[in-house]
């Protein structure tokens with residue numbers, strides 16, 4: 001199980017939980033599992049989401065691996081100049 | 001000042017060879033966007049709204065079409081319908097639909113046989129408007145009774161009953177903020193404002209577009225990302241992306257503003273309507289300022305709790321940012337994520353609002369959102385340091401983020417270099433200079449995430465053993481030099497034996513633009529993979545010739561060699577020898593790598609500035625300026641220093657003079673460089689730089705992007721210095737002379 005830290009604005013879709021656990025081995029599986037468990041998250045993920053895994057910020061890398069030991073944070077999608 | 005455990009002792013990385021584009025640029029041979037011309041070409045001119053907000057009742061082009069030499073006119077009616085989301089926003093911005101949303105919004109365009117005829121014809125296109133109420137200021141746009149910029153723009157994050165121009169809300173954070181404030185000896189809260197500024201690239205947007213009735217087309221364009229130009233233009237025009245071949249020109253600055261489209265599809269639409277004749281479209285400076293994306297304006301509330309010894313106990317921020325008339329362009333999320341990124345604070349809360357206003361569609365600008373956030377947070381930190389009598393660098397060192405610190409935006413940092421930049425700034429001679437009357441010193445730190453992104457690179461050996469590298473991101477800040485150095489280092493060959501080409505969209509897989517300070521990081525990491533493919537193949541060819549196993553061959557200093565005495569005694573086989581015989585030994589040798597790149601290391605910097613303020617005029621002079629920033633590994637230090645200096649110069653302009661000034665009619669009052677005041681060489685001293693090197697473990701050579709962080713600290717650093725010099729704290733940029741003078745008078749009057 002992967003422990004996912006959500007941003008606090010998402011708590012209203014997860015019964016108040018800011019940290020949720022899902023079964024997943026990649027970022028893509030993790031996002032799918034989150035939407036399955038908490039459908040209210042879907043439009044947020046459709047907007048694009050940035051994921052930080054063990055301190056490394058990744059964007060649009062659904063194949064990136066996650067494990068039970070990973071520190072995973074979701075952030076709203078970031079753009080650069 | 002390297003600080004790493006990675007392999008050092010490079011032969012080429014860290015050296016300063018001549019830039020590969022130098023001769024072309026000093027002799028005028030380099031071809032920029034407006035330099036492209038092709039036979040049978042037409043010229044475009046664009047009709048733009050003179051109103052900040054207006055219904056378009058009628059467009060009559062009959063007089064323009066009757067003018068000899070005019071070949072086509074396009075309006076929104078010539079573009080396909082049925083788009084949604086960001087594609088619809090791009091189309092709406094390319095040519096207005098029923099409503100013009102800002103002063104300068106494109107309404108129609110004409111193509112003619114000369115630029116003068118096109119301009120005359122544009123003036124003959126008659127547009128009938130019904131003027132609507134408008135809103136410009138971000139706080140005005142937040143009012144419940146503000147004129148509505150776009151009905152129904154709010155997304156799922158906006159609670160019912162919110163002001164009508166709020167398009168998106170967000171909040172995030174961690175810890176018990178109220179308990180943190182209760183624990184503090186001093187809690188301060190202030191509101192800070194910044195105005196919209198433009199990237200101010202010297203080269204205006206320019207392109208030549210050609211599109212036939214068969215949907216096949218070509219474009220030569222000044223851009224930071226030609227795959228984005230292809231995808232966005234294809235979406236706006238309803239054509240297939242693969243049928244549009246896009247070739248980038250040299251680029252005279254972009255800073256984020258050329259990561260998207262503005263008028264490019266207009267050239268293609270005109271070409272299609274003119275029977276496929278190519279159309280050149282070059283924006284004037286006024287068009288660039290009125291109709292291409294500046295950055296957001298911001299209104300920001302920040303609150304911080306601090307103990308007497310400088311320890312920060314809690315922080316909160318509420319940011320309001322407008323990004324023009326279209327959803328998704330305000331960098332409020334990025335700004336909040338960067339706001340407290342330099343600090344280790346146990347409890348933080350962020351809240352943000354994206355707001356629409358009748359202004360041009362904002363674009364990315366160098367660390368989008370971070371400079372504004374830094375202005376608010378680093379100004380307040382400075383105010384608290386002065387209130388408590390603490391040294392600003394010591395307070396930043398006490399609270400500064402380190403490896404393992406939980407970042408304000410959530411995760412724990414890997415290896416980062418903020419503390420090293422603070423220590424280097426403290427040790428620099430500039431920090432010791434004694435100041436005179438009317439002079440003040442300001443300190444601030446800054447942060448940017450950096451980015452990897454979609455990257456595709458290829459390398460190919462020439463028959464003489466030289467190497468050609470094909471990259472898909474324009475060379476905006478020394479990319480060809482840095483890629484050339486990393487290529488030469490990887491092969492162990494001279495820098496001069498490498499040619500790096502920026503190639504068109506047909507030659508590689510998709511590449512993101514040069515944004516997120518990704519170009520040297522991502523291209524370098526990909527090319528090492530691609531080069532290692534060819535090195536493996538060269539070792540295989542040598543092994544075959546020597547009759548040994550490929551695993552028994554190693555690569556060093558530009559040649560294949562037996563891995564040890566057991567592998568046999570053979571003289572090194574050089575890259576030149578292998579390449580000369582590659583046709584007969586198995587065929588051409590080339591490598592490629594495609595990836596969505598991760599591992600971009602976070603970037604931190606610290607700036608120190610000394611200013612003198614003229615008490616009679618309020619004019620601020622920059623006496624000395626120091627940039628200290630972590631580059632991870634400086635591949636070509638001269639270019640790294642250039643990025644540091646460029647970021648500082650732009651940030652100083654933002655702090656002191658630059659702003660979009662609108663009249664009561666909602667029209668931009670300063671759409672030329674004479675009135676939109678960017679710093680010129682005589683405004684600035686030589687900007688001192690210190691390159692800190694805390695290598696990024698996510699890159700084979702330790703590279704961190706260096707392009708963006710440098711613009712982040714100048715806004716607060718300059719404001720802090722002016723406050724020190726005058727005793728007057730100004731919380732609304734720019735610090736223009738009249739504003740400084742008024743603040744000094746108010747301060748004196750008590």
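Numbers for the structure displayed
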read-out	value
B:11, B:280, B:303 arranged by Cβ crowding within 10 Å, fewest neighbours leading	B:11, B:303, B:280
Cα Rg, Dmax, region A:2-76, angstrom units	10.9, 28
Whole-Å distance, taken between Cα centres, linking region B:673-692 and region B:597-631	11 Å
Share antiparallel - DSSP beta bridges, chain B, percent rounded to 5	75 percent
Relative contact order (%) - criterion: Cα under 8 Å, at least six apart; region: chain A	36 percent
Residue A:77 versus residue A:15: modelled label distance in nm, points set 7 Å from Cα along the beta carbon direction	3.0 nm
For A:47-56, mean number of other protein chain Cβ atoms within 10 Å	5
Pairwise centroid distance, computed over Cα atoms, of region A:50-81 with region B:32-85, Å	43 Å
In nm, spacing of pseudo-spin labels at residue B:131 and residue B:58 (7 Å Cα→C-beta vector)	2.0 nm
Förster radius 41 Å - calculated FRET efficiency between residue A:54 and residue B:432, Cβ distance, rounded to 0.05	0.55
10 Å Cβ neighbours from other chains, averaged over peptide A:5-14	4
Chain B: calculated mean residue ellipticity at 222 nm from DSSP helix runs of at least 4, using -39500 (n - 2.57)	-8500 deg cm²/dmol
Order of B:37, B:408, B:370 under a 10 Å beta carbon neighbour criterion, fewest first	B:37, B:408, B:370
Residue B:307-residue B:594 FRET efficiency (beta carbon distance; Förster radius 56 Å; 0.05 resolution)	0.65
Equivalent ellipsoid dimensions for chain B as semi-axes, Å, which come from the Cα gyration tensor, largest first	42, 39, 22
Packing-based ranking, highest mean first, of B:541-549, B:281-289, A:4-12, B:377-385 given that Cβ atoms within 10 Å are counted	B:377-385, B:281-289, A:4-12, B:541-549
Spacing of the two label points (7 Å from each Cα toward its C-beta) at residue B:35 and residue A:8, in nm	5.3 nm
Inter-chain shielding of B:446-459 (mean C-beta neighbours from other protein chains, 10 Å cut-off)	2
Region B:452-597 - percent relative contact order, Cα under 8 Å, separation 6 or more	36 percent
Relative contact order, percent, chain B [alpha-carbon distance under 8 Å, six or more residues apart]	15 percent
Neighbour-count ranking [beta-carbon atoms within 10 angstrom, fewest first] of B:260, A:21, B:223	A:21, B:260, B:223
By average C-beta atoms within 10 angstrom, highest first, the peptides B:439-448, B:644-653	B:439-448, B:644-653
Net length gained if the chain between residue B:162 and residue B:178 were fully extended (0.36 nm per residue, minus Cα distance)	3.2 nm
Mean-position separation - Cα centroids, region B:302-320 and region B:201-259, in angstrom	45 Å
Among B:602-608, B:212-218, the order from most to least packed when residues are scored by Cβ within 10 Å on average	B:602-608, B:212-218
FRET efficiency for residue A:25 and residue B:81, using Cβ-Cβ distance with R0 set to 60 Å, rounded to 0.05	0.90
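Bear in mind these aren't lab numbers, they're just calculated from the coordinates by the rules spelled out. Keep in mind it's a predicted model, so treat the numbers as computed, not measured. As a convention, Cβ positions derive from the backbone with ideal geometry for all residues, glycine included, and neighbour counts pool all protein chains shown.
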